[in-house]
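The values are calculated or read from the model by the stated rules, or taken from the named source; none is laboratory data. All values reported here derive from a predicted model rather than from experimental measurement. In this analysis, Cβ positions are derived from the backbone assuming ideal geometry, glycine residues included, and neighbour counts consider all displayed protein chains.
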Protein chains: 2
Amino acid sequence: MAPFEQHLFICTNQRPADHARGSCAPDGDDGLQKAFKKALAERGLTRRIRANKSGCLDQCEHGPTVVVYPDGVWYGGVTTADVAEIIDRHLLQGDPVARLQLAPSCINTASCPHKPRS
Amino acid sequence: MAPFEQHLFICTNQRPADHARGSCAPDGDDGLQKAFKKALAERGLTRRIRANKSGCLDQCEHGPTVVVYPDGVWYGGVTTADVAEIIDRHLLQGDPVARLQLAPSCINTASCPHKPRS
């Protein structure tokens, strides 16, 4: 076989409910990662594309956060309702889902307007 | 700021000691990921390169496993003794550490000679 053609990392990090940076998986479950995994399996894609659990991706204020490699596309505020669209439009057709995509200027910054305490 | 230039995912998955596929983190700790994180911090690289905890990367028989994106370079059998070499040679000089690199033919395969039960 060969390496994955695309590799998704879905943050499943959980912080206390009152943590300043929020939490990608506030309920402590991995429901979003499981939804990606199930949808990939239904499409027969699990050998080509992997939906991986990830520790903190450090973009917490935009969570739940997903990054797709090798594309280097970052998504924020992802819910299970977005899973099919990300797979069918981005992963299969090469067209990232713009409404969920994080701008490069919003990544790894202390000054992003979406960060409430910046 | 901008997205990470390189993003390492270090498997911290733990299975029971007698599990057929082995375990990337048999002692249940994240020592390897912490060693990468510390070494990156010492070199002032944490804004450019992130060492991320990851769930199971599904290459368990070659563990402890690390994958570097967007390069798409996979490493197997990585220990804390290899951390400086991976950072200084691969990440900073663009020269992957061949002795630790997993061949594409060893990834996602049932027939790899390194897999004892194949």
> Just to be sure, is B:Asp88 of a type in the set (D, E, K, R), within 29 Å of B:Asp18 (Cα to Cα) and away from every other protein chain (no Cβ under 14 Å)?
Replying inline: no
>> So, A:Ala103, is that one surrounded by fewer than 16 Cβ atoms within 10 Å (Cβ to Cβ), at pLDDT 95 or above and either in contact with a helix residue (DSSP H, G or I) (Cβ under 7 Å, 6 or more places away or on another chain) or of a type in the set (A, V, I, L, M, F, W, C) (or both) or not?
In response: no
> Restricting attention to the stretch B:11-21, does a residue exist that is within 11 Å of another protein chain (Cβ to nearest Cβ), touching an Asp or Glu at 6+ places or on another chain (Cβ under 7 Å) and buried (at least 18 other Cβ atoms within 10 Å of the Cβ)?
Replying inline: yes
>> What pairs come out if I take residues in the stretch B:1-17 that are over 25 Å from A:Leu102 (Cβ atoms) and pair them with residues that are assigned to a strand (DSSP E or B) and modelled with pLDDT under 95 whose C-beta lies under 6 Å away, six or more apart or interchain?
In response: none
>> Just checking: which of the strands (runs of 3 or more DSSP E) contained wholly in the stretch A:23-118 hold 3 or more residues that are within 22 Å of A:Ala2 (Cβ to Cβ) and not charged (D, E, K, R)?
In response: A:49-54, A:66-69
> Within the stretch B:47-78, which residues are at the interface with another protein chain (Cβ under 10 Å from one of its Cβ atoms), more than 17 Å from A:Ala51 (Cβ to Cβ) and modelled with pLDDT under 95?
Replying inline: B:Arg47
> Under the condition of being buried (at least 21 other Cβ atoms within 10 Å of the Cβ) and touching a residue at least 40 places away in the same chain (Cβ under 8 Å), which residue from the stretch B:75-85 is nearest to the chain's Cα centre (by Cα)?
Replying inline: B:Val78
> Conditions: (1) within 18 Å of B:Asp58 (Cβ to Cβ); (2) out of contact with any strand residue (DSSP E or B) (no Cβ under 9 Å at 6 or more places or on another chain); (3) surrounded by 14 or more Cβ atoms within 10 Å (Cβ to Cβ). A:Leu40 meets all but one. Number of the miss?
Replying inline: (2)
